[in-house]
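FYI, it's all coordinate maths here, none of it is from the lab. Computed from a predicted structure; not experimentally measured. Neighbour counts run over all protein chains shown; Cβ positions are idealised from the backbone, glycine included.
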Amino acid sequence: MSRLTPPIDLTTARGLADAVWGEAVGDALGVPFEGLARDSFTCTDMVDGGRHQRPAGTWSDDTAMTIATCDSIKTCGRADIYDLRLRFESWMLTGAYTVDGCFSVGRTTRAALTSGHGLRGEWDNGNGSLMRICPLAFCDASDDDVRDVSGVTHAHHVSYETCVDFVHLLREAARDPVALWERLALEQGGRPRRRVRSTGFVRDTFDAALWSVGTTRSYRECVLAAVNLGDDSDSTAAVAGALAGVIYGAATIPAAWMDRLRGKGTIEECLF
C-alpha cells in the first residue's frame, strides 16, 4: 500500500466534538507519563498512577481549560476573554471543569491568572494556550480573536501565531481531512523521531503533534506515538489527539479508552 493512500475513509467533515473527545482521550492517555524521559517507558493503553497518582482515564488541565473555553463560547455566543478568565480562575481555584480537582497548572498560566493579565516574555511560551485553543476553530473566531484568547494567559507573539496556525489546521482538517492527512504525511514522513522535540515549549508541542499525525494511520496510532515521545506527554497527546479526532472522527477512538475516560458528562455538557 502506498504511504499516501488514506488509511480509512476520511471524507466526512468533522467538528468540535471530534476535536474535544480526541483531545480528552489523548490527554488522559498521557497523564501517567507526564515528565518521563523518552524511551524510559512504553505506553500501550490507558493506565493509572504516574506522578499525579490519578485513576486511569483522568484528564488534566489541557482538557479542563478546553471545555471551559467551550462552555464560555456556548454561554456567550462568542469568544469573550473576560468570561474566559473567570472560568479559568474558577478551574484553578475551585476545580471547576475537572473530574476530582485541579492537579496540574503551568507556571505561566498560574502567574497570568493570579496577576490578571497574560504574560508577554520570551520565556512565557509554554503550551498552555495551544492546548486549550481548539474550540476557536469551530466558531466564528477571527485570527485576532484567537490571539486574544491565547493572550488571557500566553501573550507573546510566538504563542499567538502558533495558536492561529493550529486553528487554521483544524479548520483545514474539518473541510478536507484527506488532503490534510496527505500533506502532513509528505511533510513529516521522512522526519526521524530523534529530531522531534516534545518539551512544553509551544512550538515543540505543535511540531510534535504534526509529526504524530503525519507518521501514523489511525487515531490510536497517533496518540500512542505522541505519548511515547515523552516529556510533556499529556499535552503533546492532547494537541495531537484533537487534530487526529477531527481527521478520523471520534467514532474511531478505541471503545475501551472511551469507556475508561472519566468525567464524560462534564465534557458533554460543555460542547456547543
Could you list 159, 235, 198, 142 in order of exposure, starting from the residue whose Cβ has the fewest other Cβ atoms within 10 Å? 142, 198, 159, 235
Expected sort for 148, 27 with the fewest Cβ neighbours (10 Å cutoff) up front is 148, 27
In the chain, taking the dipole from +1 charges on Lys and Arg beta carbons and -1 charges on Asp and Glu beta carbons about the Cα centre, the listed residue (79, 157, 125) farthest towards the positive end is 125
Mean shadow area of the stretch 16-270 over all directions, Cα convex hull, nm²: 11.7
Separation between the residue 122 and residue 142 pseudo-spin-labels, each 7 Å from Cα along Cα→Cβ, expressed in nm? 3.1
Cys in the chain lacking any partner Cβ under 4.7 Å -> 43, 76, 102, 134, 139, 163, 222
The residues 129, 40, sorted from fewest to most surrounding Cβ atoms within 10 Å, come out as 40, 129
Gyration tensor on Cα atoms of the stretch 88-150, a ≥ b ≥ c root eigenvalues, a/c under 1.5 rounded, else prolate if a/b beats b/c, else oblate, says oblate
On a C-alpha basis, how far is the centre of the stretch 151-225 from the centre of the stretch 9-62 in Å? Whole number, if you could? 16
Would you work out the charge dipole size for the chain about its Cα centre, treating the Cβ of every Lys and Arg as +1 and the Cβ of every Asp and Glu as -1, and quote it to the nearest 20 debye? 540
Distant-in-sequence amide H partners of residue 119 (H built 1.01 Å from N, under 5 Å): 154, 155
Taking 7 Å along the Cα-to-C-beta vector as the label spot, tell me the residue 44-residue 93 distance in nanometres, rounded to one decimal. 4.6
Which of 93, 226, 16 sits closest to the plus end of the dipole of the chain, meaning its Cα is farthest towards the positive end, when Lys and Arg get +1 and Asp and Glu get -1 on the C-beta? 226
Using Cα-only point scatterers and the Debye equation, what is log10 of I(q)/I(0) for the stretch 32-138 at each q in 0.13 Å⁻¹, rounded to two decimals? -0.54
What helix-only [θ] at 222 nm does the chain give? Using -39500 (n - 2.57) per DSSP H run of at least 4, over all residues, to the nearest 500, the answer is -16500 deg cm²/dmol
